[in-house]
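Working notes for the structure below.
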Amino acid sequence: MPSPLGAAREFVRRAWARTAQRRTFTGFHSRFGGLWTDRLDALSELERRRQRGALTPEEAAMLGFWIQNGFWIEKGALSAATLVQLEAELAALVRDRARPPLVELGGRYERLGAASSGAHVKLVDAYALSPAALQAAFAERVQRFLRLVLDDEPLLFQSLSFERGSEQPVHQDTAYVVVTPPLAFAAAWIALEDVRPGSGELAYFPGSQRLPDHLFGGAYKNWNRERDGLEAQERFHLELLRRCAAQGLAQATFLPSRGDVLFWNADLAHGGTPILDARSTRRSLVCHYCPASATPYYFHHRPQHRRVLTFAPGCRYASSHYELG
């Protein structure tokens, strides 16, 4: 039971967090700010960095593509040894009946068991239990890209591991992944196998990160079930598709080879396509990172999960589901 002083501090922390989620930023495409690559002058800033030698020609080209399109594909980013070890550790976690891992299914979080097994089960924060998942999340080429776009040390604060396609409606992560400031994060989708058509492959809309903000409750970037209701979520999904069509944004699908990584902007519209072959898998590890200067929202209301550990110099991680030792 928290002390009166501790309870007061937590109340202030949460009140500040709610206010910070509505803060307006200037000089960005979104009123909610973003990374430096989301600034209105991002291409000019990119050129300034290139001219002073802070970026190689390859890095400048990569960042230019990211700024314009909202994603980047890094081919063969993970070593075969890391992938083999990661697959073995994830399989061991799923078989562990003594300490079953946490999974997410339809918005619920529970321990993996017979009742929670199914096509759309997602293993959450595997890196809290698997050294190989941490190794994959902070692979050298993953680190390099994150440092360039975050302009800071990366903080891994959430992950989902998939066995099969999610079939999730097209959405923007900012509706569900809450960080302060709201757009100060990026995602990495790590392919653990070659992905085939019909397996529920990832679909995304290049350029959609520049669509006007969708506001929940007239003020918020994120959806909240209690505050907004399920109808608001359904409208968001439908309106996002309509706005992509109105802007002439074409859908692309990600058919990676094992070890490829797709990075995407916090506001890139994406989702899972229908699974046409029920036997097919789409094994992947999806990680969310923010700059060390930003704050995952769960830090505000889960004090026992604010602990940040170091994987390697400049690479830190925290978990909203596991108390890290």
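The values are calculated or read from the model by the stated rules, or taken from the named source; none is laboratory data. Here the structure is a predicted model, which is why all the values come from computation and not from measurement. Glycine also receives a Cβ, built like all others from the backbone with ideal geometry; neighbour counts cover every protein chain displayed. For the accessible areas, the whole protein counts, side chains as well, though only heavy atoms, and no ligand, DNA or RNA atoms are used. Shrake-Rupley method; radii C 1.70, N 1.55, O 1.52, S 1.80 Å.
What pairs come out if I take residues in segment 26-44 that are at positive phi and pair them with residues that are open to solvent by less than 80 Å² (accessible area, probe 1.4 Å) and among the basic types (Lys, Arg) whose C-beta lies under 6 Å away, six or more apart or interchain? Once the first residue is at positive phi and sits in segment 26-44, its partners that are open to solvent by less than 80 Å² (accessible area, probe 1.4 Å) and among the basic types (Lys, Arg) give GLY27/ARG39.
Scanning segment 186-200 for residues that are outside any strand (DSSP E or B), open to solvent by less than 10 Å² (accessible area, probe 1.4 Å) and in contact with a helix residue (DSSP H, G or I) (Cβ under 9 Å, 6 or more places away or on another chain) gives a single hit, LEU192. Specify which of the listed residues (ALA278, ALA250) is modelled with pLDDT under 95 and among the small types (Gly, Ala, Ser). The unique qualifying residue is ALA278. So which residues in segment 162-185 are open to solvent by less than 10 Å² (accessible area, probe 1.4 Å), in contact with a Lys or Arg (Cβ under 8 Å, 6 or more places away or on another chain) and of a type in the set (S, T, N, Q)? The answer is THR174, and nothing else. Taking ASP228, is it closer than 27 Å to LEU35 by Cβ, free of Cβ contacts under 8 Å to residues at least 60 places away in the same chain and surrounded by 14 or more Cβ atoms within 10 Å (Cβ to Cβ)? Judged against the criteria, ASP228 is a match.
The residues in segment 286-304 that are of a type in the set (S, T, N, Q) and farther than 22 Å from PHE138 by Cβ can be counted, and the count is 1.
Listed here are the residues, each with its yes/no results for (1) of a type outside the set (S, T, N, Q); (2) in a strand (DSSP E or B); (3) under 23 Å from ARG196 (Cα atoms).
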| position | (1), (2), (3) |
| --- | --- |
| ALA132 | yes, no, no |
| ALA136 | yes, no, yes |
| PHE145 | yes, no, no |
| SER159 | no, yes, yes |
| GLN168 | no, no, yes |
| VAL177 | yes, no, no |
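Counting the residues of segment 102-121 that are more than 21 Å from GLY165 (Cβ to Cβ), open to solvent by 90 Å² or more (accessible area, probe 1.4 Å) and modelled with pLDDT of 80 or more gives 1.
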